[in-house]
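**Student:** Below is one structure. I have some questions about it.
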Amino acid sequence: MTGKRAFPLWPRSLQGQLLLAIALALLVGQAVSAALVWRAQHERGEAALVNVAAFRLLGGVGRSPDRMPVAPEEMRGREPHALRLLIEPAAPNAPGDKPMVVAEQALREIIQAQGFPAREVVMVERDPLHDSVSLGWLRRHPHRRFVRQGPPPKLVIAAIHRPDGSWLSTRIIVPATDRGILATFLLQTLFLYFVLVGAVALILRRLSRPLAALTVRVEEFARARNADGQLEPSGPDDIRRLIHAHNGMEARISALLDEKDVMLGAIGHDLKTPLAALRVRIEAVEDETERERMAATIEDLNRSLDDILSLARVGRPSDPIEPVELSALVASVVEEYEDMGEPVELGETARIVLPLRTTWLRRALRNLVSNAVRYGKTARVSLAREGDAAVLRVEDDGPGIPEGEIDRMLEPFTRMEPSRNTGTGGSGLGLTLARAIAEQHGGALSLANRRAADGSVEGLAATLRLPLA
C-alpha cells in the first residue's frame, strides 16, 4: 500500500486489526447493553414512583391534612409528613418543571381504577433546590448531604385535582442513580476488555509469531535465495501445515536453482573450451582483416557467455557481504576507465559505508559506465546520500531512450535500434545484470532521460539506489 492511508489510525498488522475490531465490537455491544439496562432501570423506577404516589394520594383522599395516613414501613423516615401529602389551593406544577407524561398517564389509570373522581392528574419532575417545600426540608434534614456531595437528588411531584377544587399533592425525593449505573458498566467493560481482549491477544500472538517468522523467511529467500536451514513449524495445525508446505516449496525451488547453476556451469565450460580452440586456430588465417573479425566474434561470444552465467548466479551469490567504502569503490572504477583513456568523469561523492558484495556491485557499476561511454560518448559518475538511501548516478550525453521503451530496456536481450545497434557490441544483458545486482542488495535501478531547459533530450541518467540500513 503506497501513498496516504485512508485510515491513518487503523493498524496494518493482522494482530492489531483483529484486536481493534474486537475492541470496537465490544465497545458497541457494551454501549447497546448499557442503553437497554438504563432504559429498563428507568422504566422500573418510574413504575415504582407511580405506585408510591398512587398509594399516598389514595390514602389521603377525604382526610384532613392533620390526619393524613402514614406511609408503609419501608417508606417511613424517608420524607417528613409535609412532603408525603400536602393540600394546595392550586396545581403544584410550575414553569421549568419536566412533565412525566408516561408516568402521569399510568397514575391517572390507577386513580381511575380505584374509583376516585379526580378532575385532573399531574406528575412532574423538579429540581429540589427550586421547590420551596422540599428545599427547607433538605436544609434541615440529615439527607442534606445530597446537596453537597455527588449529583443532586430528583424531586417528583404528583398531584390530583379533588372535587372540592383543592389539589392533593405528594413529593418524592429520588437519589440520582445514573452515575452508579454508569460506573458499574464502566467497570464491567474494563473487566471484559481485560479478560476477552487479553485472551484474544494471547491467541493472536500464537498465530502471528509463526506467520511473522514465515514472512521474514519468504522475504529473505526472495531477496537472496540462499536462506540456511528450514523454518521450524510452530503454532496451530493450520499454521504448521502452511510452514511445512513452504519448506517443501523452498526446498524444491532451491533444488531447481542448483540444477540450473550446474547446467549453466557445464554449458559455459563446454562452450568456452571450443571457443578457446577456435581462438587459437584463427591465428592461422592469413587474411588479417578476416582474422580480426573472427577474433571479435569469438570475444563477443565470450562476453555474452560471461553475462549469461553472471545473470544466472546473481540470485545465489557465494561471496560474503562486507562493509565497503562506496565512494572509494566508485573512484577505483572511474580510474580504471581513465587509465584506458575513456571519457569518464568523477563528480561529487559522499563518504558512505555500506555492507555490500564488492565484486557484484563493481560489475554493475562497470556495466552502467560502459553503456554510457558506448552509447552516450561520455560518462559522469556521482554518489550522494538522499534520505535513507545511497544514490549512485551515471549520466551520459547520448540520444536517450524513447519514453515508452525505458522499462523494456531493463529486460534481458533488449537493444535499441538503430541508435544502439549490433555494431556497438554487447548482448543486451548489461542493464538487466545491473538491475539484478541492485535488487540483490535491496535497492533498485532506474533510467530517465536528461532534458534541457527547452525540453529536448540531452542524455540518459542511470540511477542505482541502495538502502542505507
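The values are calculated or read from the model by the stated rules, or taken from the named source; none is laboratory data. Since the model is a prediction, treat every value here as computed from it, not as a measurement. All accessible areas refer to the heavy atoms of the entire protein, side chains included, with ligands and DNA or RNA removed. Shrake-Rupley method; radii C 1.70, N 1.55, O 1.52, S 1.80 Å.
**Student:** What accessible area, in Å² to the nearest ten, does a 1.4 Å probe give for Leu49?
**Tutor:** So the heavy atoms of Leu49 present about 20 Å² to solvent.
**Student:** How much of Asp238 can a 1.4 Å solvent probe reach, expressed as accessible area in Å² and rounded to 10?
**Tutor:** Taking all protein chains as shown, Asp238 has close to 110 Å².
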